[in-house]
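Data first, discussion second: the structure below is written as structure tokens.
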Amino acid sequence: MSRYPHGPGEPPPVDEFDLELQLAGAELDPELIRALEQAPHLAPVRDEIATLEGWWARHRPPLPRPGPPVWWRVGLGAGAVLALAAALLLFLQPPAPEPMFRARGATAVDLVRLQGSVPIGPSEPVQDGEQLSVSLIPDEPSYVSVATLQRDGRISLHVTSAPTGAGERFELPGRLLLDGYRDREWLVVLTLDQPLDRAEIEARLHELLPEPSLHRGPGIWTVELTRGRPPGGR
Amino acid sequence: MPSRRSELGRLYAETGHLVLRRCLQILQNSEEAMDAVQWTFMRAIETSFELRSRGEAMVWLYRTASRRCLWMMRNTSHRSRIVDRHRDELAGRPIPATEESLMRRELVARALEGMGDDAAQVVLMTYIWGYTNQRAAQLAGISVRTVGRARATFEARLRALAAPEEAQG
């Protein structure tokens, strides 16, 4: 294997790699083999390799097995990427509107801005002209009434004693349109075990003033509709 | 006719210790060296290189193993530790006016930084394995001139890095 020039009659120069080739069983030029046998500088290397060879014969680990074929790994990788993307899409989707307020009595009421279905928090201001949807699922058979109650006692009754079964979704027909009222105002939802007429409901609502929030409890759900400045407004 | 895997198995059994020795010389850690050997033979299985002769197989194995060792040195951020193990060998090389500087592993590590794979491989083969330029060229599959340039670059980097240190000393 050696390509080093050497004079006639001189053994070709040999190095460790020539020795390694010989020990690996490579076919070598007879002249090179003779040179290796006469190379004292390689004797320590030969001993070192012999020692390692003995260790290798006793302790070498098994020949590694290749992994799955490339096409299989590519397919697996693509599948993993797709699964990851699907999981991300699932988690990044806007959450379904959660019940924002839960009255004692375990009736959940959903109050949702209709544009974009964004849930409104209890203290989040609403804007004049904004439209809200109201829905709930009573735990027990109930008669549902929905009204807005203003500080001065004026009442707008939107639904009167609508019978709703347990676990059945009640939805306020149409939309709740907020006007330009500037004083305090509350949305009140009654879920009662018996139907009330308009006058009875209004009387019940007047009992809630001046602070309807304090009366929240079984069968009565309230939230103050805090007005805020419209975006870009003064 | 023996299968390819059985042929490689025989090659592994008969030459693995030679590859291991070379990996040990670079990595100076038996576990890491064994990993490099296993990886090298794994590549032999995967890439289905032709086993035309033992000589060619050894060249391929050494080339692949040295590249793997180089990758391990670079990738595992313990290059300076590895170079530190070799500072005596490196210091023993006749690089004018830089022998003392070679004792400083930081300099060697910095000198290797930014060198291409071929050039860094040549540094391993010549300074750590002790091969001549011709042999390194044969194993790395590059020209002797390229080996010479790579060594010159390495040595120039060492000198440049050593100069400020010598000035301070």
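Checking each residue in segment B:39-48 for being buried (at least 20 other Cβ atoms within 10 Å of the Cβ) and within 8 Å of chain A (Cβ to nearest Cβ) picks out only B:Phe41. Scanning segment A:181-200 for residues that are over 39 Å from the mean Cα position of the chain (by Cα) and modelled with pLDDT under 85 returns A:Tyr181, A:Arg182, A:Asp183.
Just need a number here: residues in segment B:44-73 that are in contact (Cβ under 8 Å) with a residue 12 or more places away in the chain and either assigned to a loop (DSSP other than H, G, I, E, B) or among the basic types (Lys, Arg) (or both). Give the derivation first.
Narrowing segment B:44-73 to residues in contact (Cβ under 8 Å) with a residue 12 or more places away in the chain: B:44-45, B:48, B:51, B:54, B:57-70, B:72-73.
Filter once more, so that each one left must be either assigned to a loop (DSSP other than H, G, I, E, B) or among the basic types (Lys, Arg) (or both): B:48, B:51, B:54, B:63, B:67-68.
Adding up the residues that qualify gives 6.
Going by what's in this entry, would A:Glu185 be described as open to solvent by 90 Å² or more (accessible area, probe 1.4 Å) and within 16 Å of A:Leu132 (Cα to Cα)? Spell out the reasoning first.
Numbers: open to solvent by 90 Å² or more (accessible area, probe 1.4 Å): no; within 16 Å of A:Leu132 (Cα to Cα): yes.
Spelling it out, it is not the case that A:Glu185 is open to solvent by 90 Å² or more (accessible area, probe 1.4 Å) and within 16 Å of A:Leu132 (Cα to Cα).
Residues checked against (1) modelled with pLDDT of 90 or more; (2) within 11 Å of chain B (Cβ to nearest Cβ):
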{"position": "A:Asp18", "(1), (2)": "yes, yes"}
{"position": "A:Gly25", "(1), (2)": "yes, yes"}
{"position": "A:Gln38", "(1), (2)": "no, no"}
{"position": "A:Asp47", "(1), (2)": "yes, no"}
{"position": "A:Pro62", "(1), (2)": "no, yes"}
{"position": "A:Gly75", "(1), (2)": "no, no"}
{"position": "A:Val81", "(1), (2)": "no, no"}
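Can you spot a residue in segment A:27-35 that is in a helix (DSSP H, G or I), open to solvent by 90 Å² or more (accessible area, probe 1.4 Å) and over 22 Å from B:Ala137 (Cα atoms)? Even if it seems obvious, please write down each step before you answer.
So in segment A:27-35, the residues in a helix (DSSP H, G or I) come out as A:30-35.
Those still in the list that are open to solvent by 90 Å² or more (accessible area, probe 1.4 Å) too: A:34.
Imposing the further condition that a residue be over 22 Å from B:Ala137 (Cα atoms) reduces the set to A:34.
Yes, that holds for at least one residue.
Within segment B:113-124, take every residue that is without any contact (Cβ under 8 Å) to a residue 60 or more places away in the chain and open to solvent by less than 10 Å² (accessible area, probe 1.4 Å) and give me the one that is farthest from the other protein chains (Cβ to nearest Cβ).
Pass one, segment B:113-124, residues without any contact (Cβ under 8 Å) to a residue 60 or more places away in the chain: B:113-123.
Then drop every residue that is not open to solvent by less than 10 Å² (accessible area, probe 1.4 Å), which leaves B:120-123.
Numbers: B:Ala120: 19, B:Gln121: 15, B:Val122: 15, B:Val123: 17 Å.
The qualifying residue farthest from the other protein chains (Cβ to nearest Cβ) is B:Ala120.
The values are calculated or read from the model by the stated rules, or taken from the named source; none is laboratory data. Source: prediction; values computed, not measured. We place every Cβ from the backbone using ideal geometry, glycine too, and count neighbours over all the protein chains shown. Note: areas computed on protein heavy atoms with side chains; ligands, DNA, RNA excluded. Shrake-Rupley method; radii C 1.70, N 1.55, O 1.52, S 1.80 Å.
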